[in-house]
Amino acid sequence: MDLQPIETAPKDGTKFYGECGEDLIFMFWHPELEVFCSSFRRMQMAEGYKINGKSYEDHSPVTHQPSRWMPAPPEDRAP
């Protein structure tokens with residue numbers, strides 16, 4: 001499959017391969033952090049505590065700025 005413009009990449013958390021220089025990196029759009037990333041950390045709040053209305057806070061993403069993208073095969077998209 002041909003690489004597609006990054007503007008058309010999914011922004012619903014679907015995993016795909018993004019082109020960064022000469023590398024293809026397995027990544028996804030993180031809607032809360034508003035970045036393309038390959039991983040992040042999640043801080044789980046203690047029972048009964050919330051931050052910004054959530055029981056968790058995502059932080060420290062490994063971010064990327066891909067120029068193009070291609071879908072990952074179905075077996076690579078599984079959680």
Selection from segment 12-54 of residues basic (Lys, Arg) and either assigned to a strand (DSSP E or B) or in contact with a Gly (Cβ under 8 Å, 6 or more places away or on another chain) (or both) yields ARG41, ARG42, LYS54
In this structure, is PRO66 under 21 Å from GLU7 (Cα atoms), part of a loop (DSSP other than H, G, I, E, B), touching a Cys at 6+ places or on another chain (Cβ under 8 Å) and not hydroxyl-bearing (Ser, Thr, Tyr)? yes
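Kindly indicate the residue of segment 13-30 that is farther than 15 Å from GLU75 by Cα and aromatic (Phe, Trp, Tyr) and also surrounded by the most Cβ atoms within 10 Å (Cβ to Cβ) among those meeting that condition.
Among residues in segment 13-30 that are farther than 15 Å from GLU75 by Cα and aromatic (Phe, Trp, Tyr), the one surrounded by the most Cβ atoms within 10 Å (Cβ to Cβ) is PHE28.
Bear in mind these aren't lab numbers, they're just calculated from the coordinates by the rules spelled out. What you are looking at is a predicted structure, and each value in this text was computed from that prediction instead of being measured. Positions of Cβ are generated from backbone atoms using ideal geometry, with glycine treated the same way; all protein chains shown enter the neighbour counts.
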